[in-house]
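The values are calculated or read from the model by the stated rules, or taken from the named source; none is laboratory data. From a predicted model like this one, the values you see are computed outputs, not experimental measurements. Here the Cβ is made from the backbone with ideal geometry for all residues, glycine too, and neighbour counts use every protein chain on show.
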Amino acid sequence: MFSALLTIVHPALADELAFPAQAEVAVDPASDEAAGKKKDKDKDGKDKDKDGKGKGKDKDKDDDKMKIAGFTVEPYVSPGGGVQIDTSGGTAVTAGADVGVIYTKKKLEGNLYLGGAYITGEGVEGFDVHLGNTLAYRADYWGIGGGLAITYNGQTDTETGKDILAPALGAQIPVDMKVGPKKYYATAGVTPSWYFDDARKPDPGEVPLGDEFEWRVGAGLKIGDFKGEIGYATLYTSAGTYSTPVLSVGYNP
């Protein structure tokens, strides 16, 4: 089965005032103090303007992005695919895509997505459609999160016309961890699934948790608006175990 799975330093300025050595200058202490305050105020005001200009540039960049309820929202599309290998050595090609939005606020990162995949090979044909959402805590060098997805999928033996995995509606709970900075990272995760069809129920001991169970590992690289990921996943089902090397690419402007 196919699983689809971011001090401006201002130099100090000083003025020097020189007086002739023999000159006597009458100074009103009150006016001198006022002048000093005015001068300091002028300097502070100038520095404040410079700081404000720098912050304004960053703010303009943030303003270019959509915001909903305090979250910064960015759309994305992520096509991907892989080669599915079952326990008997049979292979099939998977291809599909996800579209969705990534929404962030401080160290919270969410992903609302809709996607689908098609599976084809010698004697096998299948599909997967899913709608889901994940929410994660993302620090500078690590992150962890989970979510919920609703899926409808199945596989058929094209030679006999019988179901390998009967088409069924199910619920998935993905849990993932990332290690590394946002531009290059490693991932690991698991997804137990439960289906609303007795035909998808496994025999005791066939699946570690749920009606189906997937574990996966991978690595990703993000350059500008583009992201690429490679990975490997193993899925335990009532029809057997499937191993899938996966490659996906993504774009979120």
Given Pro192, Pro181, Pro204, which one is surrounded by fewer than 18 Cβ atoms within 10 Å (Cβ to Cβ), in the same structural domain as Thr91 (by TED's automatic domain parsing) and either part of a strand (DSSP E or B) or under 29 Å from the mean Cα position of the chain (by Cα) (or both)?
Pro181
Subset of the stretch 107-139 that is charged (D, E, K, R) and within 13 Å of the chain's Cα centre (by Cα) - its residue that is nearest to Pro181 (Cα to Cα)
Arg138
Could you please find all residues in the stretch 115-144 being of a type in the set (D, E, K, R) and surrounded by 14 or more Cβ atoms within 10 Å (Cβ to Cβ)?
Glu125, Asp128, Arg138
In this structure, does Ala168 turn out to be closer than 29 Å to Ser88 by Cα, in a strand (DSSP E or B) and of a type outside the set (Ser, Thr, Tyr)?
yes
Specify the residue that is farthest from Val99 (Cα to Cα); the eligible residues are those in the stretch 119-136 that are aliphatic (A, V, I, L, M) and touching a Phe, Trp or Tyr at 6+ places or on another chain (Cβ under 8 Å).
Ile119
Closer than 19 Å to Ile119 by Cβ, buried (at least 16 other Cβ atoms within 10 Å of the Cβ), among the polar types (S, T, N, Q) and in contact with a strand residue (DSSP E or B) (Cβ under 8 Å, 6 or more places away or on another chain): does that describe Thr234?
no
Take the residues in the stretch 85-106 that are within 30 Å of Val124 (Cα to Cα), buried (at least 20 other Cβ atoms within 10 Å of the Cβ) and not β-branched (Val, Ile, Thr), then tell me which one is nearest to the chain's Cα centre (by Cα).
Gly100
Of all residues in the stretch 115-149, which are hydrophobic (A, V, I, L, M, F, W, C) and farther than 28 Å from Ala186 by Cβ?
Val124, Phe127, Val129
State yes or no: is Asp225 touching a helix residue (DSSP H, G or I) at 6+ places or on another chain (Cβ under 7 Å) and in the same structural domain as Asp98 (by TED's automatic domain parsing)?
no
Might you let me know whether the stretch 202-209 holds any residue that is at pLDDT below 95, touching a Phe, Trp or Tyr at 6+ places or on another chain (Cβ under 7 Å), more than 30 Å from Ala139 (Cβ to Cβ) and of a type in the set (D, E, K, R)?
yes
